[in-house]
Amino acid sequence: MSKSSSATRPKPEDKKQLKPSIAYSSEELALKNIKNKLEALRCLLEACKKDAAVARLIWNEINKNAERILVPFSQRQFLIWTNEGALKIIGVEAVTFSKIGNGTLGRYPELHKEVGTITKDLFGRLKSANEITELTENQTKRALKKERNRTKILEAELVRLRRELRDAKIDVEARESEIRDLCRQHGLFRKPAIVKN
């Protein structure tokens, strides 16, 4: 009888390996949570790759809401990320997710590595889309300034030419007046005779 009772009892070293059933379900939920967050990041990254305007829109939202983590840019931020706001921007209905403990993510080295890769890629994509926009805006501002300067120069030249034309018309009118006066003085208002051959 003592042999059978000792055979059914777990050995002390086996007790450390046994978990309550709730622990297994919690572990499954934690893994599912990590995978949901990773899938959400993949969706964001894909949307940003397809359309730079989406990346700029997300970047602007991040800057407007700096106190919240709309998109995680590091593994640490990934752990505490719970906001699906960026996903709503791209029109993705996300499964809700919650915070993750560092140790929980650490149990899955391949997922831990993937989190690092995706957050880095997503940050780079969002930042470069914003820099391109800033560059384009700066180029546009410089081109606009250059065109405004060119327009001012052309307007000044037009004013100068109009003055010269006005002065030339006044000069022509003055010369024509002098010619008429000379003609009157010398009786030259007769019609010129037509010379026939």
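The values are calculated or read from the model by the stated rules, or taken from the named source; none is laboratory data. These numbers come from a predicted model, not from an experiment. FYI the Cβ positions are ideal-geometry reconstructions off the backbone, even for glycines, and counts take in every protein chain you see.
If you check Arg184 against the conditions, is it of a type outside the set (Gly, Ala, Ser) and modelled with pLDDT of 85 or more? So Arg184 does not fit the description; no. Gly103 - would you say it is exposed (fewer than 14 other Cβ atoms within 10 Å of the Cβ), within 26 Å of Ala30 (Cβ to Cβ), touching a residue at least 40 places away in the same chain (Cβ under 8 Å) and not hydroxyl-bearing (Ser, Thr, Tyr)? So Gly103 fails the test.
For Glu93, state whether it is out of contact with any Phe, Trp or Tyr (no Cβ under 8 Å at 6 or more places or on another chain), among the acidic types (Asp, Glu) and at pLDDT below 85.
yes
Out of (1) surrounded by 15 or more Cβ atoms within 10 Å (Cβ to Cβ); (2) touching a residue at least 40 places away in the same chain (Cβ under 8 Å), the odd one out for His112 is which? Single failed check for His112: (2). The lone criterion from (1) within 28 Å of Glu27 (Cβ to Cβ); (2) surrounded by fewer than 13 Cβ atoms within 10 Å (Cβ to Cβ); (3) of a type in the set (A, V, I, L, M) left unmet by Ala53 is number (1). In region 56-83, the residue that is modelled with the lowest pLDDT out of those that are surrounded by fewer than 17 Cβ atoms within 10 Å (Cβ to Cβ) and of a type in the set (D, E, K, R) is Glu67.
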